[in-house]
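Quick notes on the structure that follows.
The values are calculated or read from the model by the stated rules, or taken from the named source; none is laboratory data. Quick caveat, the model's predicted, so the values are computed rather than measured. Virtual Cβ from ideal backbone geometry, glycine too; neighbours counted across all protein chains shown. These accessible areas exclude ligands, DNA and RNA; they are computed on the full protein's heavy atoms, side chains included. Shrake-Rupley method; radii C 1.70, N 1.55, O 1.52, S 1.80 Å.
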Amino acid sequence: EVTELVDRIEQKRAALDAYMHRNPSTRSFFWDGGDGIENVHNVTAQLATNCLSVTQQVDAYATDMWKFIRQMVAHGPVDTVIVPSNHAQLRKGKELTNKPTDDWGIHVHQRNAFLAAEVGLPVTAHTPEPWDESIAVQVGPIRIGLIHGHQARSLDAVPDLWKSHTHGAGALHDVDVLLSGHWHVPKLTFTGRSPRTGKSKIHIGAGTLDNGSDWWRNIDGSDADPCLIVFQTDDNGFDLQSFALL
């Protein structure tokens with residue numbers, strides 16, 4: 001139900017504001033793992049499970065993302081980071097119709113960054129290169145990568161996907177922390193060791209702000225409460241004690 005989802009998002013926004021008041025920082029990052037839009041052309045069954053059209057979803061998503069940005073920027077400059085996702089990309093069935101970054105979520109974040117600049121808000125938008133589905137951003141002493149996660153066969157397989165990227169020259173080859181979406185269930189895993197920092201690499205699988213996926217629950221059994229993941233970094237890198245599910 002859209003009304004219930006909107007109420008949950010408002011609750012998470014209030015919890016985020018309280019967290020940022022308790023834990024002030026010089027800069028904040030909004031990491032969007034994708035799937036904010038359910039493109040009903042991807043899977044025929046989505047025509048029955050979505051109560052909003054694509055254009056209605058884009059409007060609702062853009063509005064909520066803008067509210068997050070306006071709230072966070074009250075605490076200082078904000079960076080938004082977004083990657084393409086299998087449900088938000090422009091597709092015909094399961095096949096891409098153009099570049100991977102032709103994505104409704106990326107479109108929304110780019111427009112909101114434009115609006116922020118128009119009204120003088122300190123917002124910087126980060127998006128992947130045109131043919132890339134991942135991105136990495138330097139945050140203090142560490143590099144944090146973001147990927148949607150649908151490229152892996154399961155949430156547990158995302159670290160293996162990450163390892164394969166260390167042999168290439170893509171965005172994820174030298175990141176210390178990897179964030180992923182798609183799999184609905186939040187999870188933090190220590191995996192390998194960063195040659196740059198000497199500390200453990202960390203994979204964080206994001207939860208979801210909606211009420212989960214009946215489709216995924218039916219085939220896997222996994223389920224989790226809606227949540228918003230937050231954490232901080234400092235001069236020493238990732239602050240594990242700050243990690244929380246709101």
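Within region 133-142, how many residues turn out to be under 24 Å from K99 (Cβ atoms) and either among the aliphatic types (A, V, I, L, M) or open to solvent by 40 Å² or more (accessible area, probe 1.4 Å) (or both)?
4
Before we move on, is A157 at pLDDT 90 or above, more than 22 Å from D79 (Cβ to Cβ) and touching a helix residue (DSSP H, G or I) at 6+ places or on another chain (Cβ under 6 Å)?
no
Among the residues of region 173-205 satisfying the criterion of being in a loop (DSSP other than H, G, I, E, B) and more than 21 Å from D234 (Cα to Cα), which is modelled with the highest pLDDT?
Checking each candidate, the answer is G181.
Got a sec? Which of P84, P100, P130 is part of a loop (DSSP other than H, G, I, E, B), open to solvent by less than 20 Å² (accessible area, probe 1.4 Å) and out of contact with any helix residue (DSSP H, G or I) (no Cβ under 7 Å at 6 or more places or on another chain)?
P100
Give K201, K187 a once-over and let me know the one that is touching a residue at least 12 places away in the same chain (Cβ under 8 Å) and open to solvent by 40 Å² or more (accessible area, probe 1.4 Å). Walk me through how you get there before you give the answer.
Numbers: K201 fails: open to solvent by 40 Å² or more (accessible area, probe 1.4 Å).
The conditions single out K187.
Give the residue, chosen from H109, H150, that is open to solvent by less than 70 Å² (accessible area, probe 1.4 Å), closer than 30 Å to A74 by Cα and within 18 Å of the chain's Cα centre (by Cα).
The conditions single out H109.
Do we have D132 as among the charged types (D, E, K, R), touching a residue at least 60 places away in the same chain (Cβ under 8 Å) and under 21 Å from D35 (Cα atoms) here?
no
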